[in-house]
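**Student:** Shown below is the structure under consideration.
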Amino acid sequence: MKRKSDKPIKITEVCLRDGSHVMQHQYTEAQVRRVARELDDAGMHYIEVSHGDGLGGSTLQYGKSLVDEMKLIEAAVDECQNSKVAVLLLPGIGTVHELKQAHELGARLVRVATHVTEADVSAQHISMARELGMETLGFLMMAHMAPTEKLVEQAKLMESYGAQAVYVTDSAGALLPHEVKEKIAALRESLSIEVGFHAHNNLSLAVANTLTAIEEGATRIDGSIRCLGAGAGNAQTEVLLSVLDRMGVNLGIDIYKMMDLAENTVGPMIPRAQEINRGSLVLGYAGVYSSFLLHAERAGQRFGIDSRDILIELGKRKVVGGQEDMILDVAAELAKARKLEV
């Protein structure tokens with residue numbers, strides 16, 4: 001593989017954060033300890049642990065956690081000898097209070113996430129994370145919803161606040177390879193910091209898109225083992241590592257141990273197969289936030305509406321993360337309109 005960066009590639013395993021959506025935020029401490037221990041033993045660089053919607057996400061709106069996320073962060077830190085524990089923070093959901101608490105428990109990296117056009121709300125959190133001495137990265141979600149020029153503008157803001165890298169975050173799994181190429185190349189040429197890429201697999205492009213991002217100079221990438229992430233999951237970690245190794249890019253992670261972890265530990269935990277079913281497919285097709293899937297399915301059952309219709313309408317309205325309350329509103333409106341048609 002010919003890369004446009006000579007910096008080492010660092011990977012973050014997100015199954016204990018993004019995968020929390022699939023687990024309906026019901027991770028037990030024992031599960032987190034086992035997964036973190038085995039990831040650490042395999043040589044994973046970073047392990048992200050928090051509620052699926054980031055620090056402070058355990059609410060009625062986003063889904064209550066079975067175990068306080070701070071206990072899960074502490075448990076993961078306790079199990080890791082080499083891997084660094086990371087957290088996600090969405091300003092407006094998480095606060096600097098939770099950030100400081102996670103840092104005190106041993107989290108060493110934070111990704112401050114905003115909608116792709118709202119980087120300005122991240123200034124306080126990025127600045128505080130840098131003051132705490134954490135690796136501090138920006139995370140521009142729903143990147144498909146903004147033109148490349150806007151993405152660059154927002155990434156520059158995060159860089160100015162102190163972010164050490166900025167991610168192109170394909171939250172809906174809607175980006176196509178040529179779009180990934182354009183966006184990563186633009187950031188690499190415009191920023192003096194590292195560029196990252198976070199994929200979702202709703203259109204079966206997560207691994208391909210991640211490879212494209214790496215070729216264009218991304219040095220921070222994500223994966224979810226056994227595709228344990230929102231929607232159809234992220235780039236499947238053990239698959240991505242195997243493909244990279246065949247292409248001559250070895251990240252120093254034991255692929256056999258990752259395969260065993262996927263097969264023996266993570267696989268049995270997953271409540272349903274992480275495949276591209278009609279629900280996750282329509283997420284990518286409609287360009288809707290991947291964590292909306294379960295909410296839309298529940299709303300569809302409640303109002304007797306096809307969840308696909310709800311997701312398509314959410315896409316038309318350009319609803320973004322943080323607007324989960326709109327899902328019930330849209331379902332109710334569709335149900336009312338259908339009754340009027342009859």
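The values are calculated or read from the model by the stated rules, or taken from the named source; none is laboratory data. Remember, it's a predicted structure, so these values are computed and weren't measured experimentally. In this analysis, Cβ positions are derived from the backbone assuming ideal geometry, glycine residues included, and neighbour counts consider all displayed protein chains. Surface accessibility is based on the protein's heavy atoms, side chains included, excluding ligands, DNA and RNA. Shrake-Rupley method; radii C 1.70, N 1.55, O 1.52, S 1.80 Å.
**Student:** Using only the alpha carbon atoms of the range 13-72, find the Kirkwood hydrodynamic radius as the inverse mean reciprocal pair distance, in angstroms to one decimal.
**Tutor:** Every distinct Cα pair counted, the radius reaches 11.4 Å.
**Student:** Hey, if we sort Lys336, Lys7 by accessible area with the 1.4 Å probe, largest down, what's the order?
**Tutor:** Largest accessible area first, the residues go Lys336, Lys7.
**Student:** Let me ask something else. Computed FRET efficiency, Cβ-Cβ of Arg302 and Asn264, R0 25 Å: what is it to the nearest 0.05?
**Tutor:** 0.10
**Student:** I would also like to ask the following. Tell me the accessible surface of Arg34 in square angstrom (1.4 angstrom probe, heavy atoms of protein chains only), to the nearest ten.
**Tutor:** Taking all protein chains as shown, Arg34 has close to 100 Å².
**Student:** Per residue, how many Å² of accessible area does the range 70-134 show with a 1.4 Å probe?
**Tutor:** Averaged over the residues of the range 70-134, the accessible area is 42 Å².
**Student:** Dividing the convex hull volume of the Cα atoms of the chain by its residue count, what figure in Å³ per residue is obtained?
**Tutor:** 117
**Student:** Can I ask one more? Within the chain, what whole-number % of the accessible surface is contributed by carbon and sulfur, with the 1.4 Å probe and all protein chains included in the calculation?
**Tutor:** Here it works out to 48 percent.
**Student:** Top to bottom by accessible area (1.4 Å), largest first, where do Asp68, Asp170, Asp254 land?
**Tutor:** In descending accessible area the options line up as Asp68, Asp254, Asp170.
**Student:** Tell me, what is the 1.4 Å probe accessible area of Met1, in Å² to the nearest 10?
**Tutor:** Roughly 60 Å² of Met1 is accessible to a 1.4 Å probe.
**Student:** If you don't mind, another one. Using a 1.4 angstrom probe, figure out how much accessible area the range 213-303 has per residue, in square angstrom, rounded to the nearest whole.
**Tutor:** 41
**Student:** Compute the helix-to-body angle for 29-42: its Cα long axis versus the longest principal axis of the chain, expressed 0 to 90° and rounded to tens.
**Tutor:** The angle comes out near 40 degrees.
**Student:** In the range 1-134, with Lys and Arg counted as +1 and Asp and Glu as -1 at Cβ, which of these residues, Gln101, Pro8, Val85, has the Cα nearest the positive end of the dipole, that is, farthest along it?
**Tutor:** Of the listed residues, the answer is Pro8.
**Student:** Can I ask one more? Quick one: if you stick a label point 7 Å off each Cα along the C-beta vector at Arg246 and Asp329, how many nm between them?
**Tutor:** Placing both labels 7 Å along Cα→Cβ, they lie 4.7 nm apart.
**Student:** How large is the direction-averaged shadow of the alpha-carbon convex hull of the range 206-274, in nm²?
**Tutor:** Averaged projected hull area, Cα only: 4.7 nm².
**Student:** Nearest 10 degrees is fine. How inclined is helix 292-303 to the longest principal axis of the chain, computing both from alpha carbons?
**Tutor:** That helix lies at roughly 20 degrees to the long axis.
**Student:** Which one of Ala296, Met269, Tyr46 has its Cα pushed farthest toward the positive end of the charge dipole of the chain, where Lys and Arg give +1 and Asp and Glu give -1 at the Cβ?
**Tutor:** My answer, from the dipole projection, is Ala296.
**Student:** Students sometimes get this wrong: rank Ser20, Ser190 by accessible area, probe 1.4 Å, all chains present, largest first.
**Tutor:** Ser190, Ser20
**Student:** Please report the spacing between the Cα centers of the range 239-318 and the range 58-88 in Å, no decimals.
**Tutor:** 20
**Student:** Roll a 1.4 Å probe over the protein chains and send me the accessible area per residue for the range 163-202 in Å².
**Tutor:** Counting only protein heavy atoms, the per-residue value for the range 163-202 is 29 Å².
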